[in-house]
Structures are given as C-alpha cells and as structure tokens.
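These notes concern the structure reproduced below.
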Amino acid sequence: QVQLVESGGGLVQPGGSLRLTCAASGSIGSINTMGWYRQAPGKQRELVAAITSGGTTDYADSVKGRFTISRDNAKNTVYLQMNSLRPEDTAVYSCNANARPLGALRWHYYWGQGTQVTVSS
C-alpha cells in the first residue's frame, strides 16, 4: 500500500507564507497526479492545486498567483508553497495521490491525514 504524510501546517498572519510537504511511502509502483485539497468548516472539500508526473499543473482560481505546487518524483514528494495567505485560506489541507502499488494492476487514490492551516492575526 501507499501512505501519504503531510507536514508544514500551522498558524500564520495574513500576508504570510507557509510551505506544505507531502511524502508518499510504502510499496509504490508508480504515482501519477498528486494534489492538495482543502476543507474549511462548513464547506465542501475543494481542489487547491494538482500536478502530474510530467509537471503539468492546475490551480483553483482563488489561489492562482499566490500558491505554487511542485514535486520531486525521485522522492515521491509534493510541495505547496503558499504566499500572501488570507484568512479565507484557513482550512485542513490534505494531500492526494493517484498511485499504483508495486506489483498491482490497478490505480488507486490515496489520502493523507490532513494538516491544519490557520491564517489569522
């Protein structure tokens, strides 16, 4: 199986920056798209940013120009650099990966446990 572990969340003032990291481990055959989702209290989970194994990226309109997603395929790790943070960015951020375990034929979606990001003065 594949496990995802996030780190880097915390409390930051408006206008500040945070960098989230998600590392995949376990019996990994291949990883295709990796992404970050977030869910604020009382709201549905939404896609923040995603990146394919080839480096193609996609962003939610609300974070374009402020957030940057990147990945290190050799380390099976994806990053989310968040700049110019706003109070409305406050949410639990979760990592997602479309991966195929070693020796398996099917692809699956895996989730991390989530990390809290709070933007407040």
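Annotations
- Each DSSP beta bridge with both residues in the chain is either parallel or antiparallel, and the antiparallel ones are about 95%.
- This model, with +1 at the C-beta of Lys and Arg and -1 at the C-beta of Asp and Glu, gives the chain a dipole about its Cα centre of some 140 debye.
- The smallest convex shape that holds all Cα atoms of the chain, its convex hull, gives 93 Å³ per residue.
- Under Karplus coefficients 6.51, -1.76 and 1.60, residue-wise ³J(HN,Hα) of segment 54-69 in Hz, glycine/proline x: x, x, 6, 10, 9, 10, 5, 4, 5, 10, 4, x, 10, 10, 9, 9
- Low-density loop positions, trypsin sites (Lys or Arg not before Pro), segment 38-121 - DSSP coil, at most 14 other Cβ in 10 Å: 43, 45, 64, 106
- Computed E for residue 66/residue 105 - FRET, C-beta separation, R0 41 angstrom, nearest 0.05: 0.55
- Amide hydrogen neighbours beyond the local backbone of residue 67, cut-off 5 Å, H modeled: 83
- Computed over the chain, relative contact order equals 37 percent, with contacts defined as Cα pairs under 8 Å that lie 6+ residues apart.
- For residue 30, net neighbour charge (Lys/Arg +1, Asp/Glu -1) across residues whose Cβ lies under 13 Å away: +2
- Accessible carbon and sulfur surface of the chain relative to its total accessible area, %, 1.4 Å: 47
The values are calculated or read from the model by the stated rules, or taken from the named source; none is laboratory data. These numbers come from a predicted model, not from an experiment. Neighbour counts run over all protein chains shown; Cβ positions are idealised from the backbone, glycine included. Each accessible area value is taken on the protein alone, full model and side chains, heavy atoms only, with ligands, DNA and RNA left out. Shrake-Rupley method; radii C 1.70, N 1.55, O 1.52, S 1.80 Å.
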